[in-house]
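Trainee: After the structure tokens below, expect a handful of questions from me.
The values are calculated or read from the model by the stated rules, or taken from the named source; none is laboratory data. Bear in mind the structure is a predicted one, so any value in this text is a computation, not a measurement. Neighbour counts run over all protein chains shown; Cβ positions are idealised from the backbone, glycine included. The protein model used for the area step is the full one, side chains on, heavy atoms only, and it has no ligands, DNA or RNA in it. Shrake-Rupley method; radii C 1.70, N 1.55, O 1.52, S 1.80 Å.
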Amino acid sequence: MFEHIRSQFAATFGDDNELQVVMAPGRVNLIGEYTDFNEGFVFPMTVDRGVYVGIRARDDQRVRVKSIRFGELIDYRLDDFEKPEPGHWSCYVLGVVEELRLLGLVPNGFDAVIDGNLNLGVGLSSSAALETATALALQSLFGFEMSRVDVATLCQRVEHSYANVMCGIMDQFASGLGRSNHALLLDCRTLSQVNIRTNLDEYRIVIISSEVKRELASSAYNERRSQCKEGVALFKRCDPNMASLRDVSPDLFDAYGDQLSEVVFRRCRHVITENARVLDASAALAAGELPQFGRLMTASHNSLRNDFEVSCDELDYLVDIASGTEGVLGSRMTGAGFGGCIVTLIHKDATEVLKAKLAAYTERFGLNPEMFVLNRNLEAGNVVGI
Ligand code: GLA
């Protein structure tokens, strides 16, 4: 990718003198869905693909950013910023630039090209990777101090105020703080993290994209958020110390849960049981108990399908195919759902069998799922050419 970015930069801006290239990876969440904005636990890891930014400082206030993927160039002056349309690729980039500028950290303009090998809109957090790569590229260029935790929260803010997506903190954390050969156990309340080695032995993490675009996602996402809030309001009446579903113990839930509406009851049950599953699963992975880890993944999927209702026929079908394959220890949808990807823990010798079985999916839904085995996972940072 370095060479590609270098040549794209030279083709766009004339030469590649003093070019810096920075990459931030996408993520796959192993377990812990819809727990982040409930101040709970998540357990994502980075993938082997990411977003790359080639950048060079200018000595004036002009900013030129070219997206190779979209074939578009944005050209403006730092002091003449206008919010791009939410959801347009440039809102993630310019949102980061503007937030950093407001902190006094972007003293002058720059030229940049952006490209990557991460599929867009399939639930692998391409937008978080784009935000993170932009922030780290500017940090590398202007040399300011900012912790990766602060980078992640700044990028989340951009998602909220420039893309109008009220996401939690998981994706930006995973992209900026995920380490190679590790998954990241994150406490979304305290933001404390533990990197847990992914000792998978003969097993592999496999990602399969359903190729269903998540059109429903943002309205359904916000609806789930408010249903969780409704749940918290009830438990707060029982105990004023309850600040989020994170605080609701299974016992408290058993005692008072029946006062919730049927739907909110199931939403809360998902979050409360999912938090427990994340802690069990990360402990199981750390102890090398892969069958237990796999069982928890599958339990998570069932809870997301039945209680939280964010799966869809295509994801369920893929999880069923995977779960019915010998050598698979567990499988689940990953990310916000309503399309996107599934993640599966599978014996390395069984991956080809699983791949062959995907023909049935194509026949049923007319979609060509992409499957990839995660043989390595990347860390965000500067990329050097070879
Ligand atoms: C999206 C959001 C995350 C998280 C997941 C669901 O990926 O960006 O913050 O809420 O959905 O777990």
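Trainee: Among (1) more than 20 Å from Asn275 (Cα to Cα); (2) within 16 Å of the ligand (Cβ to nearest atom); (3) part of a loop (DSSP other than H, G, I, E, B), where does Glu326 come up short?
Mentor: (2)
Trainee: State all residues of segment 157-197 that are within 13 Å of the ligand (Cβ to nearest atom), modelled with pLDDT of 95 or more and not in a helix (DSSP H, G or I); if no residue qualifies, say none.
Mentor: Within segment 157-197, Gly168, Ile169, Leu186, Cys188 qualify.
Trainee: In addition: Considering segment 118-144 alone, what residues qualify as being in a loop (DSSP other than H, G, I, E, B) and within 18 Å of Gln172 (Cα to Cα)?
Mentor: Within segment 118-144, Leu118, Asn119, Leu120, Gly121, Val122, Gly123, Leu124, Ser125 qualify.
Trainee: Can you name every residue in segment 126-145 that is hydroxyl-bearing (Ser, Thr, Tyr) and more than 14 Å from the ligand (Cβ to nearest atom)?
Mentor: Thr134, Ser140
Trainee: I've got another one for you. If Ala183 satisfies every condition in (1) open to solvent by less than 30 Å² (accessible area, probe 1.4 Å); (2) out of contact with any Leu (no Cβ under 6 Å at 6 or more places or on another chain) but one, which is the exception?
Mentor: It fails just one condition, (2).
Trainee: May I pose another question? Look at Glu230 and say whether it is charged (D, E, K, R), closer than 30 Å to Glu363 by Cα, surrounded by 13 or more Cβ atoms within 10 Å (Cβ to Cβ) and touching a residue at least 12 places away in the same chain (Cβ under 8 Å).
Mentor: So Glu230 fails the test.
Trainee: Oh, and also: State yes or no: is Arg148 open to solvent by 10 Å² or more (accessible area, probe 1.4 Å), touching a helix residue (DSSP H, G or I) at 6+ places or on another chain (Cβ under 7 Å) and within 14 Å of the ligand (Cβ to nearest atom)?
Mentor: Answer is no for this residue.
Trainee: Whether any residue in segment 330-350 is closer than 29 Å to Gly168 by Cα, hydrophobic (A, V, I, L, M, F, W, C) and part of a loop (DSSP other than H, G, I, E, B) is what I want to check.
Mentor: Yes, segment 330-350 contains a residue that is closer than 29 Å to Gly168 by Cα, hydrophobic (A, V, I, L, M, F, W, C) and part of a loop (DSSP other than H, G, I, E, B).
Trainee: Mind listing whichever residues of segment 234-246 are touching a residue at least 60 places away in the same chain (Cβ under 8 Å) and part of a helix (DSSP H, G or I)?
Mentor: Leu245, Arg246
Trainee: What pairs come out if I take residues in segment 364-386 that are farther than 16 Å from Ser180 by Cβ and pair them with residues that are of a type in the set (Phe, Trp, Tyr) and open to solvent by 50 Å² or more (accessible area, probe 1.4 Å) whose C-beta lies under 7 Å away, six or more apart or interchain?
Mentor: Filtered contacts from segment 364-386: Arg364/Tyr317.
Trainee: Quickly run through segment 360-375 and pick out the residues that are under 21 Å from Leu200 (Cβ atoms), in a loop (DSSP other than H, G, I, E, B) and modelled with pLDDT of 95 or more.
Mentor: Leu374
For every residue, the table says whether it meets (1) more than 28 Å from Gly335 (Cα to Cα); (2) away from the ligand (no atom under 16 Å from the Cβ); (3) touching a Phe, Trp or Tyr at 6+ places or on another chain (Cβ under 6 Å).
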residue	(1), (2), (3)
Asn17	yes, yes, no
Met23	no, yes, yes
Asn38	no, no, no
Val65	yes, yes, no
Ser90	no, yes, no
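Trainee: Give segment 69-119 a look and list any residue that's buried (at least 19 other Cβ atoms within 10 Å of the Cβ) and of a type in the set (Val, Ile, Thr), or say none.
Mentor: Val93, Val96, Val97, Val106, Val113, Ile114
Trainee: Which of the residues spanning segment 59-68 are open to solvent by less than 10 Å² (accessible area, probe 1.4 Å) and over 20 Å from Phe142 (Cβ atoms)?
Mentor: Across segment 59-68, the qualifying residue is only Ser67.
Trainee: In addition: Yes or no: segment 25-35 includes at least one residue that is surrounded by fewer than 23 Cβ atoms within 10 Å (Cβ to Cβ) and touching a residue at least 60 places away in the same chain (Cβ under 8 Å).
Mentor: no
Trainee: Taking the conditions exactly as written (without any contact (Cβ under 8 Å) to a residue 60 or more places away in the chain, buried (at least 17 other Cβ atoms within 10 Å of the Cβ) and part of a loop (DSSP other than H, G, I, E, B)), does Thr298 satisfy them or not?
Mentor: no
Trainee: Given the conditions (1) of a type outside the set (S, T, N, Q); (2) open to solvent by 30 Å² or more (accessible area, probe 1.4 Å); (3) closer than 23 Å to Ala220 by Cα; (4) not in a helix (DSSP H, G or I), and given that Phe265 satisfies all but one, which numbered condition is not satisfied?
Mentor: So the condition that Phe265 fails would be (4).
Trainee: Still on this structure, I have one more. Taking segment 198-247, which residues are away from the ligand (no atom under 16 Å from the Cβ) and among the charged types (D, E, K, R)?
Mentor: Matches in segment 198-247: Asp201, Glu202, Arg204, Glu211, Glu230, Lys236, Arg237, Asp239, Asp247.
Trainee: Is there a residue in segment 280-294 that is open to solvent by less than 40 Å² (accessible area, probe 1.4 Å), at pLDDT 95 or above, closer than 22 Å to Cys167 by Cβ and out of contact with any Leu (no Cβ under 6 Å at 6 or more places or on another chain)?
Mentor: The answer is no, given that none of the residues of segment 280-294 is open to solvent by less than 40 Å² (accessible area, probe 1.4 Å), at pLDDT 95 or above, closer than 22 Å to Cys167 by Cβ and out of contact with any Leu (no Cβ under 6 Å at 6 or more places or on another chain).
Trainee: Could you list all residues from segment 306-362 that are within 29 Å of Asn222 (Cβ to Cβ), open to solvent by less than 40 Å² (accessible area, probe 1.4 Å) and of a type in the set (Phe, Trp, Tyr)?
Mentor: Within segment 306-362, Phe308, Phe338 meet the criteria.
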